[in-house]
Amino acid sequence: MTIEVNNLHFSYGKLKALDGVNINLNQGSIGLLGPNGAGKSTLIRILLGFLQVEKGEGKVLGYDIRTQQSDIRRFVGYMPEDDCFIPGMDAVCFTSYFGELSGMPHEEAMKRAHEVLFYVGLEESRYRQIETYSRGMKQRLKIAQAIVHDPKLILFDEPTSGLDPRGRREMLELIMDISSKKNIQVLISSHILPDIENTCSYVVILNKGKLVAQGDIKELKQIKYSLYEVKIKGESRNFLRSLRERQCKVEKTEDGLLKIYMPPGHNPQDIFMIAANEKIQIRHFLKSQTPLEDIFARAVGVD
Amino acid sequence: MTIRERGYAHWDGELEESKFSWWPIATYGVKLTFKKKFFKSFFFFTFIPALAYLGGIYVSERLEDFHFMIEESAPFIQVNPAYFKSYFTNDFLLFIIVMIIIFAGAGLISDDIKYNALQLYFSRPLKKKDYFIGKASVIFFFMALITLIPGLIFLLTKIIFSGSFKFVLSYPWLPFSTLGYSLILIVFFSFYSLSISSLSKNRRYVAVMIFGIYFFSDIFFQIFYGIFKNQYFSLLSIKANLKQIGAFIFGQKLPYSIPWFYSFLFIIAFCTFGGLVLKRRVKGVVIVK
């Protein structure tokens, strides 16, 4: 197991951030999904040893998260969400500096810094002061410092946060390349579903500090349930009440779209029948095209 | 060229577990300080007191060459423990030390907090202790160059110019006093600058605090002493406490008529408080409850 945690508990004062989380993760790219405040960053910080667990145990790459934090950090790369840099340094110095801090000899760290800066696409600006970098360049630099010591596992915390569409696409390409072709396992924490869906083969979903789902994305997609997007004309109150009486969960979006979650065993024709009974016109009917969104919504609850 | 077309090769070396994992922090810290605006010019200026005192040692050994400058039989320059004490506790040197720690120490931790670098440090196999030692080593480097190193050079110069070990044999404890007092200054100013640096994200505020606390503590002492005529108020002043300890270590008359160890306790208390501040302020993660 690359990451293995059992019955993990952690609180910030009275606020329970992790409540009995059990995770067993093997090779591959893993997505850590959850809404804000779900406990994703707390879990990453515990895996790195920034925070001490209150209860429970765990191992990362076979090292105990409570007693062998130094070993974990030696073989794990971490890309934090925030902009992180050291003023006055250029990218080469910055990257080799963190290579040395990981235990690389100075010359090797310097050589390796050039290599990884080429790899992440910062070769032409590697001697520029980091303060002058754009957001996208800083993100790439954070990846460079995370891979400079050739880790076995990389933890990405919201890697596409604040990037424009092109920057986001390139960042995801880079992560996919690292995870699929370089034999480095990655754990990506994100609340952006398509990012996880495009880059990961396995997903762990947290909500309010609890593990609500985990598994292979392909297998999770096989779960029988349905999400329909519906637009109606007419008085919706009775229509919604009738749907809820049939155990459907309904969410209304800002632009008047209804998202109807149908439990297994129900027929979508029921929606039309209810509409006909309640004298409602259905102007738009679409089965959701984003299956992970369904899984996520079902796991964390639509309310 | 897209990213995927570029190669990535695994590193075939082995990551070493070092007892000196703070070393890169120290070396890069010193390099970054030299990159600061005006620092290089200021740095040469810091050697002025040492050069003046070194000149004094040369003159004291070559008095016959300088007879034209002095009154007959008047004691001109006597190199003795008082001379060393005078170098280490003079106002100008202490001022230069404060300026050095403003240049080298103000941003040491505050910049890491401001630019979120702490989480990068602590995602490495680095303990808090290593981080602090690395940062304090930057202060050590610059302060040793104007305290410990000149002190040892003074001793060596005196031996070379006098052509004998008579001076060292007369004051065998002087090398230890030089070493001891230099270390007290370095340790105190390391805690002083690092703890203040950890209090703010703004390096300029830190610089103002480093300067302000040092000088206002002395001003408060002067005001209270002026009103109450009680020398115990010297304990309020960083400068007065350091001078008191310096006088004791170099075996000279104490400048204030209070026991020397009160000042020593003040310095220890200050360092302990600084250590607690550092421990509280420097964390791998900022927890928002």
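The values are calculated or read from the model by the stated rules, or taken from the named source; none is laboratory data. For clarity, every value in this text was computed on a predicted model and none was experimentally measured. Cβ atoms come from the backbone with ideal geometry, glycine included; neighbour counts cover every protein chain shown. The area values use the complete protein model at the heavy-atom level, side chains included, leaving out ligands, DNA and RNA. Shrake-Rupley method; radii C 1.70, N 1.55, O 1.52, S 1.80 Å.
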Name the helices (runs of 4 or more DSSP H) wholly inside the range A:31-115 in which the number of residues that are in contact with an Asp or Glu (Cβ under 7 Å, 6 or more places away or on another chain) is 2 or more.
A:40-48
List the pairs whose first member sits in the range B:194-219 and is free of Cβ contacts under 8 Å to residues at least 24 places away in the same chain, whose second member is open to solvent by 70 Å² or more (accessible area, probe 1.4 Å), and whose Cβ atoms are under 6 Å apart, counting only residues at least 6 apart or on separate chains?
B:Ser217/B:Leu236
Filtered residue count, the range B:234-248, keeping only those that are in a helix (DSSP H, G or I), without any contact (Cβ under 8 Å) to a residue 60 or more places away in the chain and crowded, with 22+ Cβ neighbours inside 10 Å
5
Which one of B:Ile153, B:Ile133, B:Ile159 is surrounded by fewer than 22 Cβ atoms within 10 Å (Cβ to Cβ) and free of Cβ contacts under 8 Å to residues at least 12 places away in the same chain?
B:Ile159
Looking at (1) over 14 Å from A:Val212 (Cβ atoms); (2) hydrophobic (A, V, I, L, M, F, W, C); (3) buried (at least 23 other Cβ atoms within 10 Å of the Cβ), can you tell me which one A:Leu33 breaks?
(1)
Could you tell me whether any residue of the range A:196-211 is in a loop (DSSP other than H, G, I, E, B) and surrounded by 22 or more Cβ atoms within 10 Å (Cβ to Cβ)?
yes
Search result, residues across the range A:13-30 that are touching a residue at least 12 places away in the same chain (Cβ under 8 Å) and outside any loop (DSSP other than H, G, I, E, B):
A:Lys16, A:Ala17, A:Leu18, A:Asp19, A:Gly20, A:Val21, A:Asn22, A:Ile23, A:Asn24, A:Leu25, A:Ser29, A:Ile30
Is it true that some residue in the range B:257-279 is in a loop (DSSP other than H, G, I, E, B), open to solvent by 50 Å² or more (accessible area, probe 1.4 Å) and over 20 Å from B:Ser110 (Cβ atoms)?
yes
Residues that are closer than 14 Å to A:Leu153 by Cα, touching a Leu at 6+ places or on another chain (Cβ under 7 Å) and either open to solvent by 10 Å² or more (accessible area, probe 1.4 Å) or small (Gly, Ala, Ser) (or both), drawn from the range A:39-65:
A:Leu61
All-but-one check, B:Val98 against (1) over 14 Å from the mean Cα position of the chain (by Cα); (2) surrounded by fewer than 24 Cβ atoms within 10 Å (Cβ to Cβ); (3) part of a helix (DSSP H, G or I), failing number (1)
If you go through B:Ile196, B:Ile219, B:Ile213, B:Ile223, the only one that is of a type outside the set (D, E, K, R) and crowded, with 16+ Cβ neighbours inside 10 Å is B:Ile196
Is it true that some residue in the range B:2-21 is within 30 Å of A:Asp71 (Cβ to Cβ), part of a loop (DSSP other than H, G, I, E, B), touching a Leu at 6+ places or on another chain (Cβ under 9 Å) and at pLDDT below 95?
yes
Which numbered condition A:Leu101 misses (of (1) touching a residue at least 40 places away in the same chain (Cβ under 8 Å); (2) crowded, with 22+ Cβ neighbours inside 10 Å)
(1)
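Residues checked against (1) open to solvent by less than 10 Å² (accessible area, probe 1.4 Å); (2) out of contact with any helix residue (DSSP H, G or I) (no Cβ under 8 Å at 6 or more places or on another chain); (3) modelled with pLDDT of 95 or more; (4) within 9 Å of another protein chain (Cβ to nearest Cβ):
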| position | (1), (2), (3), (4) |
| --- | --- |
| A:Gly88 | no, no, no, yes |
| A:Ala91 | yes, no, yes, no |
| A:His106 | no, no, no, yes |
| A:Tyr119 | yes, no, no, yes |
| A:Leu122 | yes, no, no, no |
| A:Ser134 | no, yes, no, no |
| A:Lys138 | no, no, no, no |
| A:Pro165 | no, yes, no, no |
| A:Arg168 | no, no, no, no |
List every residue pair whose Cβ atoms sit under 7 Å apart, with the two residues 6 or more apart in sequence or on different chains, where the first one lies in the range B:5-28 and is within 11 Å of A:Met104 (Cα to Cα) and within 7 Å of another protein chain (Cβ to nearest Cβ) and the second, anywhere, is small (Gly, Ala, Ser) and in a helix (DSSP H, G or I).
B:Leu15/A:Ser102
Kindly indicate the residue of the range B:101-121 that is open to solvent by 10 Å² or more (accessible area, probe 1.4 Å) and in contact (Cβ under 8 Å) with a residue 60 or more places away in the chain and also farthest from the other protein chains (Cβ to nearest Cβ) among those meeting that condition.
B:Ile102
Within the range A:125-150, count every residue that is in a loop (DSSP other than H, G, I, E, B) and either in contact (Cβ under 8 Å) with a residue 40 or more places away in the chain or of a type in the set (Ser, Thr, Tyr) (or both).
6
Scanning the range A:144-153 residue by residue, those within 11 Å of another protein chain (Cβ to nearest Cβ) and touching a strand residue (DSSP E or B) at 6+ places or on another chain (Cβ under 6 Å) turn out to be A:Ala146, A:Ile147, A:Pro151
Being of a type outside the set (Ser, Thr, Tyr) and either in contact with a helix residue (DSSP H, G or I) (Cβ under 6 Å, 6 or more places away or on another chain) or open to solvent by less than 30 Å² (accessible area, probe 1.4 Å) (or both) narrows it down to one of B:Phe189, B:Phe176, so name that one.
B:Phe189
Only residues that are touching a Lys or Arg at 6+ places or on another chain (Cβ under 9 Å) and under 20 Å from A:Asp164 (Cα atoms): list them for the range A:89-140, please.
A:Val120, A:Gly121, A:Leu122, A:Ile130, A:Tyr133, A:Gly136, A:Met137
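This table checks each residue for (1) surrounded by 13 or more Cβ atoms within 10 Å (Cβ to Cβ); (2) closer than 30 Å to A:Asn24 by Cα.
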position: A:Lys182; (1), (2): yes, yes
position: A:Ala213; (1), (2): yes, yes
position: A:Lys218; (1), (2): no, yes
position: A:Gly234; (1), (2): yes, no
position: A:Gly265; (1), (2): no, no
position: A:Lys279; (1), (2): no, no
